[in-house]
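Below is one structure, written out as structure tokens; comments come after it.
The values are calculated or read from the model by the stated rules, or taken from the named source; none is laboratory data. Worth saying up front: this structure is predicted, and the values here are computed from it rather than measured. Here Cβ is always computed from backbone atoms with ideal geometry, including for glycine, and neighbour counts include all displayed protein chains. Heads up: the accessible areas ignore ligands, DNA and RNA and are worked out on the full protein's heavy atoms, side chains in. Shrake-Rupley method; radii C 1.70, N 1.55, O 1.52, S 1.80 Å.
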Protein chains: 2
Amino acid sequence: MAKDKGITVKKDEDMPEWYSQVILKSELADYSPVKGCLVMRPYSYAIWQKLMDFFNELIFSVGVENAYFPMFIPESLFAKESEHAKGFAPEVAWVEKKEEHEERLALRPTSETIMYDSYAKWIRSYRDLPLIINLWCNIIRWEVKDVKPFLRSREFLWQEGHCVYETQEELHKETLQYLEFYRQVAEDLLAVPVIKGEKTEKERFAGADNTYTIESFMPDGKALQMGTSHDLSQGFAKSFNIEYLGRDEKFHAPWQNSWGISTRMIGAMVMMHGDDKGLVLPPKAAPIPVVIVPIIFEDTKKKVLAKAKEIQKATKGKLDDRDHYSAGWKFNQWEMKGVPIRIEIGPKDVEKDQCMLVRRDTGEKVPVALKDIKKTVSDTLETMQKDMLDKARKKMESMIDSSDNWEDFQKKTKDKMVRVKFCGEPECEENIKAETGGVTSRCQPLEGADPTGKCFKCGKEAKMDMYFSRNY
Amino acid sequence: MAKDKGITVKKDEDMPEWYSQVILKSELADYSPVKGCLVMRPYSYAIWQKLMDFFNELIFSVGVENAYFPMFIPESLFAKESEHAKGFAPEVAWVEKKEEHEERLALRPTSETIMYDSYAKWIRSYRDLPLIINLWCNIIRWEVKDVKPFLRSREFLWQEGHCVYETQEELHKETLQYLEFYRQVAEDLLAVPVIKGEKTEKERFAGADNTYTIESFMPDGKALQMGTSHDLSQGFAKSFNIEYLGRDEKFHAPWQNSWGISTRMIGAMVMMHGDDKGLVLPPKAAPIPVVIVPIIFEDTKKKVLAKAKEIQKATKGKLDDRDHYSAGWKFNQWEMKGVPIRIEIGPKDVEKDQCMLVRRDTGEKVPVALKDIKKTVSDTLETMQKDMLDKARKKMESMIDSSDNWEDFQKKTKDKMVRVKFCGEPECEENIKAETGGVTSRCQPLEGADPTGKCFKCGKEAKMDMYFSRNY
């Protein structure tokens, strides 16, 4: 962003433009010459790496192993589970055939079908279960809607986990366990609060019996689906002839789930925390948690730089000692990039054996004695991680409401997430979406749902206690 | 490999069949329903992860950052550097167009063209240099030759680094530095000895001024190119209009290199070290360095298992306490999977406060006092890592020869790597390949090359001191 100015719009006045500028100017990402595709620059890839490390640690602790499957899916395999094929068909991209006799190949929009073909070969007996494999890979979906960096693009990075179990009980328990891991990624790493819930029949993954989701609510009044865990029941197992010899010496279809999160998580974090100066990164997700900017004057340069280096050593921060940029320019740049803590040190500070510590989230600036800097930085990073989640949660809660009638619902869903009693019928849901110009069901919370009563829209018996809102 | 037998052929009698069996039966990989594509099962992906971690540490130490670029390359971009486009054209796969007016998109066979389009936007002044970005990604090359797991397939995983420098000196130095990192991956991690060298004009990367390589020589008498680092000079910079404002206030084309290694590294390791019982993994690359197999009899089960658990704790090994498999079956399985150290412990060992330690590479079996097990395991792993490289190097050196005439060369290249004085002419090289049925130039070693003399084939003035052999 060398010669660029800061962000030219306010976040709460024009969030789409703000989002686009902050992503480009913080150097998280760039547009590419390929329509609908994004360049993840090193700054966003470093965040993605942190997310991968964080999530790998969680899943390894329960025995998940990573693997890699081909990105090409033969058309015949792709078509095996009919609901799945129908659901994904519009967004699948295909490879131009090289030889006429070869089968048409899809570029994976998700890997169920290519993986379960192998699973059918590998699974013989209950001793082979559970089979639990995760992939980190690129996914291709030829979306028709507008692309938006990290939120919606033709190619994106994600992980997809695919488990096979002996019993339905195990399936159910583990499907929710992966959802809980997703909550931890969102809240504990990215400081983005979420609601854990269950999707309606209409919003389920194509081919699933049930889809669980973590949903967050962005400051502009739209929900963002951040991760999903699907109960596939025995549908795919039956379509792909996956069978195991049980403890009873008979053959059974096993139970399956699949679950995924993507680089969309990064988009949620940007929208949730960013401000008019740029990104604000939660410390645990920040590639650079601390930056040290010395205030240089020719006559005191040596002394100030020596102290700055001591601070760098103590805090493991990044020392910005470039001499062709002014301190003020550097402050702006590191604010744009959302670095959680900035430490300033000038000749006057050196005289007082102190430095100035500036928090990116609050802008608070306090002097800190040099001898305390290590501990103060470490405490501040911890506090900031917690504060950012708390603040975001309060913000989100202030945007959640409930309703019991259609007129009130229409008003509130302009910019809020609204909880209602709902019949759960796809047709009623379709009507709601059409008549509001885009309000969709988000989820029925896993905790505290009470579906008794009448549907707020059609008056039929309610079957779900549902959040609705506009969404990304 | 539950019910399968061991490998049914000997490595030195039928290496292709041996290779295929060892890969499948050790569960490194599996064939997929997609022609020419491989499933990397968790066991090989764990090795790949170790390689990624090892290599990331090396490149991060010199300031490389990871990023991600789209896998789609618009035809017009792909065509910009003509040599490059010509070289890759036969193996490029394309996406079926969704809309007639859209440009045709290639699936990346390598990412120079898509990356350098962004580089041209990002580089303005010498202050933006060096620009050093690495990608871990999947690559698509529609190879016409036979596919072979890890060695040649339509899709594979790799890393590709792309650097831009101010000066040619820096370029040259760093291009060789990445080659040295590749030597470290091959030799220090995978215990596969290599020769560092320079390719002929004919064998260069399409669009490069010079290609450096690490070449190894497999036990069946074929060379394997394991990694390459390309001096791209200013060719791509000029084709993609990459320019920077120099310290002299004038615009210049910068200097570039690119460098890559792939999952092929895993194939080399398998071929180099495996034996008739299966894989033999060097300790540093082994997902499971130590396995503990208790010898269970009903009456002493408790005592033996308790000691086995102590050993597990001390060695951080994997305890194989499955009770539906016999100890003998387990020995075979862990030998097939190449686990470096197996520890056996039975009731008689418990009485003597000892266990048996078995080295996978030598088969050597020694008793070890339980109190010494931690240190002995750690020392043995270290020795084994070194021994495996030494043994492989000796084997490789015994298969390297030299020659000064065509007749002798033809005989020796049946199963050896042969060093000759060579004119370096593409036409002469083409003749050598055609007349021998496949012998190709491998590299001129970086150290000790002496190109003086006459070409062993055509008699012209020699320009290179070159290794030739058959190859994978």
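Brief remarks on what is shown
- Odd one out for A:W48, checked against (1) open to solvent by 20 Å² or more (accessible area, probe 1.4 Å); (2) within 11 Å of chain B (Cβ to nearest Cβ); (3) part of a helix (DSSP H, G or I): (1)
- Condition met for A:D372 (in a helix (DSSP H, G or I) and either of a type outside the set (D, E) or open to solvent by 50 Å² or more (accessible area, probe 1.4 Å) (or both)): yes
- Some residue of segment B:58-76 being open to solvent by less than 20 Å² (accessible area, probe 1.4 Å), without any contact (Cβ under 8 Å) to a residue 60 or more places away in the chain and farther than 30 Å from A:N66 by Cα: yes
- Figure legend. Inter-residue proximity from segment A:13-27: first residues on the phi > 0 side of the Ramachandran plot, second residues crowded, with 17+ Cβ neighbours inside 10 Å and in a loop (DSSP other than H, G, I, E, B), beta-carbon distance below 8 Å, spacing 6+ or different chains. Indicated pairs: A:E27/A:R41; A:E27/A:K337.
- Residue match in segment B:318-341 (condition: out of contact with any Phe, Trp or Tyr (no Cβ under 6 Å at 6 or more places or on another chain), assigned to a helix (DSSP H, G or I) and free of Cβ contacts under 8 Å to residues at least 24 places away in the same chain): yes
- Members of segment A:120-148 found to be within 24 Å of A:A89 (Cα to Cα), part of a loop (DSSP other than H, G, I, E, B), touching an Asp or Glu at 6+ places or on another chain (Cβ under 9 Å) and more than 10 Å from chain B (Cβ to nearest Cβ), listed by number: A:R141, A:E143
- The requirement of being under 21 Å from B:Y178 (Cα atoms), more than 10 Å from chain A (Cβ to nearest Cβ) and buried (at least 21 other Cβ atoms within 10 Å of the Cβ) is satisfied by B:F55.
- The one condition from (1) open to solvent by 60 Å² or more (accessible area, probe 1.4 Å); (2) of a type in the set (K, R); (3) within 13 Å of another protein chain (Cβ to nearest Cβ) that A:R108 does not meet is (1).
- The number of residues in segment B:206-238 that are of a type in the set (S, T, N, Q) and surrounded by 20 or more Cβ atoms within 10 Å (Cβ to Cβ) comes to 6.
- Which numbered condition B:S32 misses (of (1) closer than 30 Å to A:E99 by Cβ; (2) in contact (Cβ under 8 Å) with a residue 40 or more places away in the chain; (3) within 14 Å of chain A (Cβ to nearest Cβ); (4) of a type in the set (S, T, N, Q)): (2)
- Selection from segment B:17-29 of residues that are touching a helix residue (DSSP H, G or I) at 6+ places or on another chain (Cβ under 8 Å), outside any loop (DSSP other than H, G, I, E, B) and open to solvent by less than 30 Å² (accessible area, probe 1.4 Å): B:Y19, B:V22, B:I23, B:A29
- Every residue from segment A:30-45 that is in a helix (DSSP H, G or I) and open to solvent by 10 Å² or more (accessible area, probe 1.4 Å): A:P42, A:Y43, A:Y45
- Exactly one residue among B:P367, B:P289 is open to solvent by 60 Å² or more (accessible area, probe 1.4 Å) and over 30 Å from B:F468 (Cβ atoms), and that residue is B:P367.
- Being without any contact (Cβ under 8 Å) to a residue 60 or more places away in the chain, out of contact with any strand residue (DSSP E or B) (no Cβ under 7 Å at 6 or more places or on another chain), acidic (D, E) and outside any strand (DSSP E or B) holds for only one residue in A:E187, A:E103, A:E99, A:E201, and it is A:E99.
- Selection of segment A:423-448 for residues being in contact with a Lys or Arg (Cβ under 7 Å, 6 or more places away or on another chain) and among the hydrophobic types (A, V, I, L, M, F, W, C) yields A:C423, A:C428, A:I432, A:V439, A:C443, A:L446.
- Of the residues contained in segment A:79-89, none is found to be outside any loop (DSSP other than H, G, I, E, B) and within 10 Å of chain B (Cβ to nearest Cβ).
- Going through (1) farther than 23 Å from A:I214 by Cα; (2) within 22 Å of the chain's Cα centre (by Cα); (3) of a type in the set (S, T, N, Q) one by one, A:T376 falls short only on (2).
- Some residue of segment A:300-313 being open to solvent by 30 Å² or more (accessible area, probe 1.4 Å) and acidic (D, E): yes
- When B:K97 is tested against (1) more than 7 Å from every other protein chain (Cβ to nearest Cβ); (2) modelled with pLDDT of 95 or more, just one condition goes unmet, and that condition is (2).
- Residue within segment B:451-467 that is buried (at least 20 other Cβ atoms within 10 Å of the Cβ), within 25 Å of B:H273 (Cα to Cα), in contact with a Phe, Trp or Tyr (Cβ under 8 Å, 6 or more places away or on another chain) and in contact (Cβ under 8 Å) with a residue 60 or more places away in the chain present: no
- Residue identified as open to solvent by 50 Å² or more (accessible area, probe 1.4 Å), charged (D, E, K, R) and in a loop (DSSP other than H, G, I, E, B) among A:D379, A:D404, A:D361, A:D390: A:D404
- Residue count for segment A:125-145, restricted to those that are open to solvent by 30 Å² or more (accessible area, probe 1.4 Å), in contact with a Lys or Arg (Cβ under 7 Å, 6 or more places away or on another chain) and closer than 30 Å to A:G267 by Cα: 3.
- Residue within segment A:262-270 that is more than 27 Å from A:R470 (Cβ to Cβ), at pLDDT 95 or above and aliphatic (A, V, I, L, M) present: no
- Any hit, segment A:213-225, residues being under 27 Å from A:L389 (Cβ atoms), among the basic types (K, R) and either within 21 Å of the chain's Cα centre (by Cα) or outside any helix (DSSP H, G or I) (or both): yes
- Hits in segment A:228-253 (condition: part of a strand (DSSP E or B) and on the phi < 0 side of the Ramachandran plot): A:T228, A:S229, A:H230, A:D231, A:L232, A:Y244, A:L245, A:F251, A:H252
- Among the candidates B:V64, B:V39, B:V92, residue that is within 11 Å of another protein chain (Cβ to nearest Cβ), within 30 Å of A:F60 (Cα to Cα), more than 19 Å from the chain's Cα centre (by Cα) and of a type in the set (V, I, T): B:V64
- When B:K395, B:K421 are screened for being touching a Gly at 6+ places or on another chain (Cβ under 9 Å) and in contact (Cβ under 8 Å) with a residue 40 or more places away in the chain, only B:K421 passes.
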